[in-house]
1. Looking at segment 62-85, which of the residues that are closer than 20 Å to T204 by Cα and open to solvent by 20 Å² or more (accessible area, probe 1.4 Å) is modelled with the lowest pLDDT?
2. All but one of (1) open to solvent by 20 Å² or more (accessible area, probe 1.4 Å); (2) over 20 Å from G37 (Cα atoms); (3) touching a residue at least 60 places away in the same chain (Cβ under 8 Å); (4) out of contact with any Ser or Thr (no Cβ under 6 Å at 6 or more places or on another chain) hold for S160; state the number of the condition that does not hold.
3. Would you kindly identify the strands (runs of 3 or more DSSP E) lying entirely within segment 79-156 that contain at least 3 residues that are touching a residue at least 12 places away in the same chain (Cβ under 8 Å) and of a type in the set (D, E, K, R)?
4. Here are some conditions: (1) at pLDDT below 90; (2) touching a helix residue (DSSP H, G or I) at 6+ places or on another chain (Cβ under 7 Å); (3) of a type outside the set (F, W, Y). S53 meets all but one. Which one does it not meet?
5. Can you pull out every residue in segment 129-142 that is crowded, with 20+ Cβ neighbours inside 10 Å and either touching a helix residue (DSSP H, G or I) at 6+ places or on another chain (Cβ under 7 Å) or at pLDDT 90 or above (or both)?
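The values are calculated or read from the model by the stated rules, or taken from the named source; none is laboratory data. These numbers come from a predicted model, not from an experiment. Cβ placement follows ideal geometry from the backbone for every residue including glycine, while neighbour counts extend to all protein chains displayed. Protein only, heavy atoms only, side chains kept; ligands, DNA and RNA dropped before computing areas. Shrake-Rupley method; radii C 1.70, N 1.55, O 1.52, S 1.80 Å.
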Amino acid sequence: MGVMMINKLAKVISAAAVLTMAVSLAPQSALAQKFSGQANNVNDRFSFEINPSASYTGGIFSGAIQNAIYTDNDSLAVLNAETPKDYKLNQGDLKVSLESISDSLQQALNVRSSSFKGKFGSTVVKYEARLEDNSNPKNFIHFAFYAPYTEPFTNLNSLSIFNASNLTPFLDSSGSVSFPKYLWGLKFDDNLEPNPFNEDDYRTFDWTPDSDRKKVLEPAATISLLVFGIVSTTLLRKRNKRPEINLSNAKKTL
């Protein structure tokens, strides 16, 4: 094998090993976190992703909401077996704040089924967003979801709390974490204000663990590939440094 080819192969193996290590060691918070749930109508759905790396300033995570889709599948469309209509909404900011709730709402949150049943106090953490599309006039949606003011949600300055290591204790029987929410439907009149959240609007957003959405190499496989890259690179470089034998001088010696 030529010297240039050996050097190229060594560089490729080294780069692959380093890239594999970087990917395997990347924090879970770098993965977009998926939320989905029933919308106002029984057959409608709404889903979005949160970017945990979104920049934070004064209670606002800029551009944190991504890939939001409102699926309109009304009863008539279901009866006629029509294809549901998807409204793709633009990237939007996520606001986080502490909010005091009424005794009746606190009671409702604690008795109804969610991953935080019995854990809500008089103060809750509220995550809120308003999203719109590019139509004219614009379709838009206003929604919020709630978490109890307990660990890990006491950290209001970071969205990295939405990962498997933090939310595993709250997983329900379906393998997700359900957050109570209000979802103010798909609207067209920007002059209307969203209704406040109350027990009659109770539904949930389900958070899906990132490990179910994005598979990564197992630690053993990562280590094996990394060791292979290091060993292979070392052997190739040693081979490259071996002195070449001058056959003409060897013949003269004989």
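1. Initially, segment 62-85 is screened for residues closer than 20 Å to T204 by Cα, giving 64-74.
Going one step further and asking which of them are open to solvent by 20 Å² or more (accessible area, probe 1.4 Å), we end up with 66-67, 69, 71-74.
Numbers: Q66: 95, N67: 95, I69: 93, T71: 89, D72: 84, N73: 74, D74: 65.
It comes out as D74.
2. (4)
3. Numbers: elements: 85-89, 92-100, 123-132, 140-148.
Of the strands (runs of 3 or more DSSP E) lying wholly inside segment 79-156, those with at least 3 residues that are touching a residue at least 12 places away in the same chain (Cβ under 8 Å) and of a type in the set (D, E, K, R) span 85-89, 92-100, 123-132.
4. Of the numbered conditions (1) at pLDDT below 90; (2) touching a helix residue (DSSP H, G or I) at 6+ places or on another chain (Cβ under 7 Å); (3) of a type outside the set (F, W, Y), the odd one out for S53 is (1).
5. We begin by selecting, within segment 129-142, every residue crowded, with 20+ Cβ neighbours inside 10 Å; these are 129, 131, 140-141.
Result: A129, L131.
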